[in-house]
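Written out below as structure tokens is the structure these notes cover.
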Amino acid sequence: MKRISKALMAAALSIGSFAAPAMLAPAHAAVSQASPEAFVESLAEDGLGVLRSGSEAQKRSRFRSLLQRHFAVDTIGDRLIRRWRSRISTAQYSSYQRALPGFILGTYADRLSTYSRARVEVVNARQSGSSYLVQTRITNPGSRSVTAIWYLTRAGGQYQVYNMRVAGINLTLNQAQDFDSYIQRNGFDRLVSFMERRGA
């Protein structure tokens, strides 16, 4: 899954770029729902605050809670296997859904501290249909600035992240392509096993 690693490192950079302000934020600061911009800023701050305190088990538990509250995990998961959804059984789909949060945590969490010196600037935000797009500029010392766009949905008065585009890479599309390739070579059940191992 070579394309996965490129996308994941880009994603880690986008989220990890909020690390510096997170050092000053309380570990459980409320994520703001005042605006799309405020949501993205406070979500990243809270996430990095969680990751910088407690044991590894505590960090993963708190980050899982953050993921469940503020990321549209079911929507993301369905988009990743859209091509295969009608071909798998209910049991296979349930196994996939159970494995997905751990897979996301296992893939991203350990990378977040890599960019602790980075800075982020919210450039703009706009509404596109039922989605909200928040563009940020990320600067990491010694590297070129990177543009990250956060795709948000809003339901029940709450914003949630359902996709990101980082340095031109559409993370959901890229991950879906990798899942497609993996399933074609190995089958759906082995994909789920791979996700379970990543999330262990």
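The values are calculated or read from the model by the stated rules, or taken from the named source; none is laboratory data. Computed from a predicted model, the values in this text were never measured in an experiment. In this analysis, Cβ positions are derived from the backbone assuming ideal geometry, glycine residues included, and neighbour counts consider all displayed protein chains.
Assorted remarks:
- Candidate set from region 139-172 (those that are β-branched (V, I, T) and more than 16 Å from the chain's Cα centre (by Cα)); member that is surrounded by the most Cβ atoms within 10 Å (Cβ to Cβ): V146
- Residue match in region 28-51 (condition: modelled with pLDDT under 55 and either part of a loop (DSSP other than H, G, I, E, B) or among the hydrophobic types (A, V, I, L, M, F, W, C) (or both)): yes
- Subset tally (residues that are in a loop (DSSP other than H, G, I, E, B) and under 21 Å from L105 (Cβ atoms)) for region 170-200: 1
- The test for being over 22 Å from V120 (Cβ atoms), crowded, with 19+ Cβ neighbours inside 10 Å and not aliphatic (A, V, I, L, M) does not hold for F194.
- Odd one out for D189 among (1) over 20 Å from I88 (Cβ atoms); (2) more than 17 Å from the chain's Cα centre (by Cα): (1)
- Breaking point among (1) modelled with pLDDT of 90 or more; (2) part of a helix (DSSP H, G or I), for P21: (1)
- Qualifying residue in region 62-85 (condition: at pLDDT 80 or above, assigned to a loop (DSSP other than H, G, I, E, B) and within 26 Å of A38 (Cβ to Cβ)): yes
- The residue of region 70-86 that is surrounded by the most Cβ atoms within 10 Å (Cβ to Cβ), among those that are touching a residue at least 40 places away in the same chain (Cβ under 8 Å) and not hydrophobic (A, V, I, L, M, F, W, C), is H70.
- So Y132, is it surrounded by 14 or more Cβ atoms within 10 Å (Cβ to Cβ), aromatic (F, W, Y) and under 30 Å from E37 (Cα atoms): yes
- Scanning region 149-169 for residues that are closer than 20 Å to R79 by Cα and either in a helix (DSSP H, G or I) or in contact (Cβ under 8 Å) with a residue 40 or more places away in the chain (or both) yields W150, L152, T153, Y159, Q160, V161, Y162, N163, M164, V166, I169.
- Residue count for region 98-134, restricted to those that are among the aromatic types (F, W, Y), at pLDDT below 95 and more than 14 Å from K59 (Cα to Cα): 2
- Pairs with Cβ under 8 Å, 6+ apart, first in region 122-146 and part of a loop (DSSP other than H, G, I, E, B), second of a type in the set (F, W, Y): N140/Y115
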